[in-house]
1. Do we have residue 123 as exposed (fewer than 15 other Cβ atoms within 10 Å of the Cβ) and at pLDDT below 75 here?
2. I need every pair where a residue in the stretch 168-187 that is at pLDDT 90 or above has its Cβ under 8 Å from the Cβ of a residue that is outside any helix (DSSP H, G or I), sequence separation at least 6 or different chains.
3. How many residues does the stretch 123-153 hold that are outside any helix (DSSP H, G or I) and under 19 Å from residue 75 (Cβ atoms)?
4. Restrict the check to the stretch 88-102 and report whether at least one residue is modelled with pLDDT of 85 or more and out of contact with any Ser or Thr (no Cβ under 8 Å at 6 or more places or on another chain).
5. Is it the case that the stretch 154-162 has a residue that's in a helix (DSSP H, G or I), without any contact (Cβ under 8 Å) to a residue 12 or more places away in the chain and on the phi < 0 side of the Ramachandran plot?
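The values are calculated or read from the model by the stated rules, or taken from the named source; none is laboratory data. Just so we're clear, the structure is a prediction, and the values are computed from it rather than from any experiment. Using ideal geometry, Cβ is built from the backbone for each residue, glycine included, and neighbour counts are taken over all protein chains shown.
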Amino acid sequence: MNWKSKHLRLDDDALVKQCQRGDSEAMSRLIYKYQDRVYNIILKICNNSDDAAELTQDTFVKVLENITDFRGKSSFYTWLFRVACNEAINFCRRRFKVVSQSLDSGMAPPAEMSDNDPARLAQQKEVIALLTEAISRLDEDHRVVLVLRDIEQMSYNQISDVLGLELGTVKSRLSRARSMLREILETVLT
C-alpha cells in the first residue's frame with residue numbers, strides 16, 4: 001500500500017468514525033469524495049443515466065442507514081462499492097433492462113484524439129458505440145467483472161471483495177468476459 005492510499009484510507013477511517021457518531025458533515029465529505037465514482041460504476045452496470053442517478057442516491061442512503069454496522073474488515077471504499085454493485089445488480093435483475101449507454105461518460109479522450117479533428121472524433125465515437133454495444137451483450141456476471149477491472153481499474157482483490165467472490169472466480173470470469181467480448185467484436189467486425 002503506497003503512502004497516498006494509506007493516507008486516503010486513514011482519512012476514510014476517520015470520516016467513518018465521525019459518521020458513526022452522527023456527524024453529518026463527515027458523511028457529506030464521503031459522499032462528495034465518492035459520488036462520481038459510484039455513479040459511473042452503476043451507470044456502466046445498468047446502462048441508464050436516470051437509473052444510475054437514482055441508484056447512486058439509494059446506495060448512499062443505504063450506506064448512511066448502515067454506517068454503524070461497518071466494522072472496518074474491508075476499506076470503506078470496498079464496502080461502498082459492494083453496496084453500489086449490489087444495488088445495481090439487483091435493480092437490473094428486477095427490471096431485466098438493458099439499454100445502451102455510451103462508455104465515454106466521464107472518460108477523457110485519448111491524447112491523440114484530443115484535437116478537434118471531426119474525422120477522428122467520429123471514429124472515436126464509432127469505436128465507443130461499438131464497444132458499448134458489445135459489452136451490453138455480455139451476461140450480467142461477466143459484464144460487471146469486466147467493467148470493474150477494465151474500466152474502473154479495480155484490482156482483482158478489490159473486485160473479489162466488492163462482489164463477494166473468490167479470487168479465482170474473478171480471474172476466470174474476467175478471462176471468459178474478455179474472450180466473449182473478443183468473439184462479439186470479431187462477429188461484428190467481419
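1. On the way: exposed (fewer than 15 other Cβ atoms within 10 Å of the Cβ): yes; at pLDDT below 75: yes.
Yes; evaluated as a whole, the condition is true for this residue.
2. Correct list of pairs: 173/165; 177/138; 180/138.
3. Restricting attention to the stretch 123-153, the residues satisfying the condition of being outside any helix (DSSP H, G or I) are 138-139, 152-153.
Now narrow it down to the ones that are under 19 Å from residue 75 (Cβ atoms): 152-153.
The qualifying residues number 2.
4. Step one: filter the stretch 88-102 for residues modelled with pLDDT of 85 or more, giving 88.
Imposing the further condition that a residue be out of contact with any Ser or Thr (no Cβ under 8 Å at 6 or more places or on another chain) reduces the set to 88.
Yes, because at least one residue in the stretch 88-102 is modelled with pLDDT of 85 or more and out of contact with any Ser or Thr (no Cβ under 8 Å at 6 or more places or on another chain).
5. Within the stretch 154-162, the subset in a helix (DSSP H, G or I) is 156-162.
Adding the requirement that they be without any contact (Cβ under 8 Å) to a residue 12 or more places away in the chain leaves 157, 160.
Now restrict to residues that are on the phi < 0 side of the Ramachandran plot: 157, 160.
Checked against the condition, which is being in a helix (DSSP H, G or I), without any contact (Cβ under 8 Å) to a residue 12 or more places away in the chain and on the phi < 0 side of the Ramachandran plot, the stretch 154-162 yields at least one hit.
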